[in-house]
Structure formats: C-alpha cells, structure tokens
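Just so it is clear, none of the values below were taken in a lab; they were calculated from the coordinates. Every value quoted in this text rests on a predicted model; they were computed, and no experiment measured them. Cβ atoms come from the backbone with ideal geometry, glycine included; neighbour counts cover every protein chain shown.
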Amino acid sequence: MAAAGLCPCRALLSGRGGALRALCGAVRGLAAGPETHFGFQTVTEAERREKIYQVFESVAKKYDVMNDSMTLGIHRVWKDILVHKMNPSPGTLLLDVAGGTGDIAFRFINYVRSARERQLQRKLKNHQNLSWQEISESYQEDKFKLLGDSQVVVCDINKEMLKVGKQKAQHLGYSEGLSWVLGNAEELPFDDDKFDVYTIAFGIRNVTRIDLALEEAYRVLKPGGRFLCLEFSRVSNPLLSRLYDLYSFQVIPVLGEVIAGDWKSYQYLVESIRRFPPQEELKAMIEDAGFLKVDYQNLNSGIVAIHSGFKL
C-alpha cells in the first residue's frame, strides 16, 4: 500500500492494463508541458526552448561564416533590402530582436549615418553666406551627432550570440547608439510604446510561441510603429522548390559539419524552415496580433519573404 500511495498509477496499472498505462503516460505528458516541434521531432515547449538555445550556443562563433556559405552571400543582399524597406531617418529608435551578431544593427547605423550626412551637406549648402570658420564649426559640431539621436537595441535570448555581436561591434568600430540586451522575444524586457521600428531577421521561426512574440512586438512599438520580419519562406516555383530542397537537405548539413563541426544544428535549421508557416499564414498571424496594413514581399521566388505591418 505504501508503494501505491507514492505512485497511484502503479496500483491502477496492476489491475487495468494497457489502457490505464496510456492514460498515465498522457498525464505525465501534460505535466511536461504542451507539445510542439523541433525541426521534424515532436517535443515539449520546454524541451524545444532548451534545444534551440543549445543550437545557437553551438553555432554562434561560426554563425556569420555559415550564413555566407549556406546562402552564397545572398543573405547580405536580403538584409540590405530589409533596411532600405525600413528607410530609417535620424532619430529612429529600433529594436532588433534575435539580432545577436549585429547584422541588422550595423546596417541600420550605416543607413542613418548616410542619411544624416546628406542632411548635413544640404544644411551647409544653404549657408553659403557664412564664413569659412562658421561653416567649419557647424560641421564639426554636427559631425559628432551623425546618428541624430537614433539608437538600436539588439535583443537576443542567447548569451553566446550577443557575445559574438559585441566582439564584432568592437572590431568594426560601432559603439554610438548601440546597446545589447539579453531577453526573450516572448517576454520582452521593455516598456509599452517604446520603439519606432521592430525587426526580426531569421529569428522568428526559432521562437517557440510565435503568437506571443508577435503580441510582444505590438506591445513595445509606439503607435504608428512598424514591424518588419525577414524570414525563410515557401518557394513558389515548383522546379526551384525541388532544387532548393535538394540543396537544403543534402548540402547545408554537410557544410555545417565541415565549417562548424555541427551537422545536427544545421539539419535542424533546414527542418525548421520547412515547418515554418507559409507567407499567407504568417500574414494572418501578424494581423491577429493587432497589426494593420500587413503585406509581404517575396525575394528570390519566395526563398525568403519580408513581412511588414503597422501599429495604428
């Protein structure tokens, strides 16, 4: 009786057989949390979060090299298009989620600096009647404010990815207007109505609860703020789709093993792309979170797509 008191299932199973064994298994499954997927595997949400953390902890140091290898460098063009679509002006406050290695943040800073320099040049042209000394003083004063109060906050859940990003920023000379925050996309550590733009590039498919991440994006954006998501999506051309599948499953994991010494992580990344919602389904999810004027732009026949929405 003492053993039965410690485990009621054991006592029931002795008299009821397989049906109750299955029931007890189901009870244990509920205790472990809702089921979801990790690539093509079925796991609990807690297991998925842990596995994804381990993936990016493992690949962090080779992440940028692998991006260049896997996409033949085209990911750089896709990210440029994202920032041009954002079209930030001096004074913009950007939150880049899952942006650990800083690719979007650095592009944002470069874009705003260029816009600010153009503003400065126009200002100087309008001051033709000033003396050389006055022009020089004005130029030197403005030169130190090239971001014009713009700021980008990089938020990532993975410490190793943030570590790599900070090292890159130091090496490339980025410091002004840039900060790094450890945080979860499903529960952002920021106040309501804080940011002008929210970006997430190649990150949202690794979020366990996409609906929660979208709700958080809506919460932290100011009224009038913009949501932008760059992510692998569904290829529209049947022939290209078959070639893309062949490349993804036969080549990318091999590259992962050769370059990063990690076949399994890149196998997961490929599988996660196939499990990710197609363009129209993601559009509907973004609308369900409250965003308006939601649309998307396919790049390279839908290999990736940029989704956009506004908090109005």
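Restricting to Cα pairs below 8 Å that are 6+ residues apart, what does the relative contact order work out to for segment 156-312? Please round to a whole percent.
Numbers: 224 pairs, mean separation 37.7, N = 157.
Over segment 156-312, the number comes to 24 percent.
How charged is the neighbourhood of PHE249? Take every other residue with its Cβ under 12 Å from the Cβ of PHE249, and add Lys/Arg as +1 and Asp/Glu as -1. Working shown, then result.
On the way: positive: ARG242, ARG274; negative: ASP245, GLU271.
Computed value for this residue: 0.
What does the extension gain come out to for LEU212 and LEU239, with contour length at 0.36 nm per residue minus their alpha carbon separation? Numbers along the way, then the final one.
Values: separation 27, 0.36 × 27 = 9.72 nm, distance 3.52 nm.
Taking 0.36 nm per residue and subtracting the Cα distance, the gain is 6.2 nm.
Over segment 39-83, what lengths in whole Å, largest first, do the semi-axes of the equivalent ellipsoid take, defined as the square roots of 5 times the eigenvalues of the alpha-carbon gyration tensor?
Numbers: eigenvalues 143, 33, 20 Å².
Here the semi-axes work out to 27, 13, 10 Å.
Full-extension gain between PHE249 and GLU57, please, as 0.36 nm times their residue separation minus the C-alpha to C-alpha distance. The partial results should precede the final answer.
Working: separation 192, 0.36 × 192 = 69.12 nm, distance 2.20 nm.
Gain on stretching PHE249 to GLU57: 66.9 nm.
Long-range amide H contacts for THR44: which residues qualify at under 5 Å (H placed 1.01 Å from N, peptide plane, sequence gap of 5 or more or a different chain)?
Residues meeting the criterion, in which the H sits 1.01 Å from N, are THR36.
Given N residues in segment 165-312, what is Rg(Cα) / (2.2 N^0.38 Å)?
Rounded to two decimals, the normalised Rg is 1.17.
What aspartates and glutamates does LYS62 reach when the alpha-carbon gap must be under 15 Å and sequence neighbours fewer than 8 apart in one chain are set aside?
Within the straight-line limit of under 15 Å, LYS62 reaches these aspartates and glutamates: ASP103, GLU160, GLU257, ASP262.
A 21 angstrom limit on the alpha carbon distance is what I want to check against. Which of LYS61/LYS168; LYS166/LYS264; LYS168/LYS311; LYS85/LYS311 exceed it?
Numbers: LYS61/LYS168 11 Å; LYS166/LYS264 26 Å; LYS168/LYS311 32 Å; LYS85/LYS311 17 Å.
Pairs exceeding the cut-off: LYS166/LYS264; LYS168/LYS311.
Applying the Karplus parametrisation 6.51 cos²θ - 1.76 cosθ + 1.60 with θ = phi - 60° to the phi angles of segment 78-90, what ³J(HN,Hα) value in whole Hz is obtained for each residue in order, glycine and proline being reported as x?
Karplus-based 3J(HN,Hα) across segment 78-90 equals 4, 5, 4, 4, 4, 5, 5, 5, 5, 6, x, 10, x Hz.
Rounded if a/c is under 1.5, else prolate if a/b is larger than b/c, else oblate: which is segment 150-239, with a ≥ b ≥ c the root eigenvalues of its Cα gyration tensor?
Taking the square roots of the gyration eigenvalues as a ≥ b ≥ c, segment 150-239 is oblate.
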